[in-house]
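Step one of this worksheet: look at the structure below.
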Amino acid sequence: EDKMIEYSKEELIELLNVIGDNLKEELTIYLIGGCNMSLKELKNTTKDIDLIISNRKEYENLKNALINIGYECHEETFSKDFYKTPIVVFLKNNKRIDVFIKNVCNQLELTKGIGKRSKEYEKFGKLRIMLVTNEDIFLFKSITNREKDVDDCYSLISAGLDWEIIKRELQFQEGKVLWRFWIYEQLCRIRKLYLEAYKRKMGL
């Protein structure tokens, strides 16, 4: 993953334009990670593009467009990837797009609530871009333990989060019990990382 080339906001928009021009049918995608934060100018670059679509038909539409513009499809990562979930990775010149269908980590689902809270960013050709809220990005990033996700979660907290939205979504998806432990652990990691940084800064 360290070898992945990062996307700037401008490169991201350029890519979304090209994808939109190569789709055969209209498609709505939900951006859920660093790319979302980049478009909102909460971070400068992102290592990969994380997106969710609703069903297999939408996946085939997107897959054909990505292959058409030179991305290689790695469906074998369904079982081997870091996320341990149905995921398809598309690679081109050390740039990466992670496509999830309906849920992430077999835990967090793209619910109606997440969809309704999302805001349309722009439409590029046949591609409609939806940005999930910062609260929902926080939830998606809390079910991983990558260092960059801890940093991003801290940035989201610093920007201000509505914890009531997070609690309501947790209750709605309460069948996925592991969630709560993961979010608690992520908060502990954030606290530890930034408490240590603060102590170093203050010479404590």
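The values are calculated or read from the model by the stated rules, or taken from the named source; none is laboratory data. Values in this document were obtained by computation on a predicted structure and should not be read as measured data. Note that each Cβ is placed from the backbone with ideal geometry, even for glycine, and that neighbours are counted across all protein chains shown. Keep in mind that these areas ignore ligands, DNA and RNA; they rest on the heavy atoms of the full protein, side chains included. Shrake-Rupley method; radii C 1.70, N 1.55, O 1.52, S 1.80 Å.
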Helix 56-68 axis, angle to the chain major axis (alpha carbon atoms, nearest 10°)
70
Among S142, S158, N61, the residue whose Cα sits farthest towards the positive end of the charge dipole of segment 7-164 (+1 at Cβ of Lys and Arg, -1 at Cβ of Asp and Glu, taken about the Cα centre) is N61
Computed about the Cα centre, the charge dipole of the chain from +1 Lys/Arg and -1 Asp/Glu charges at the Cβ has a magnitude in debye, to the nearest 20, of 520
Taking the Cα atoms only, what angle lies between the long axis of helix 147-159 and the longest principal axis of the chain, rounded to 10 degrees?
80
Over the chain, with the other protein chains present, what is the accessible area per residue in square angstrom, probe 1.4 angstrom?
53
Among 116-125, 31-40, how do they line up from the highest to the lowest mean number of other beta-carbon atoms within 10 Å?
31-40, 116-125
Normalised contact order of the chain, rounded percent, pairs of Cα under 8 Å and 6 or more residues apart
20
Can you tell me the orientation of helix 9-22 relative to the chain, as the angle in degrees between its alpha-carbon axis and the longest Cα principal axis, to the nearest 10?
30
Among rounded, prolate and oblate, which fits segment 92-181 when a ≥ b ≥ c are the square roots of the eigenvalues of its C-alpha gyration tensor, a/c under 1.5 means rounded, and a/b larger than b/c means prolate?
rounded
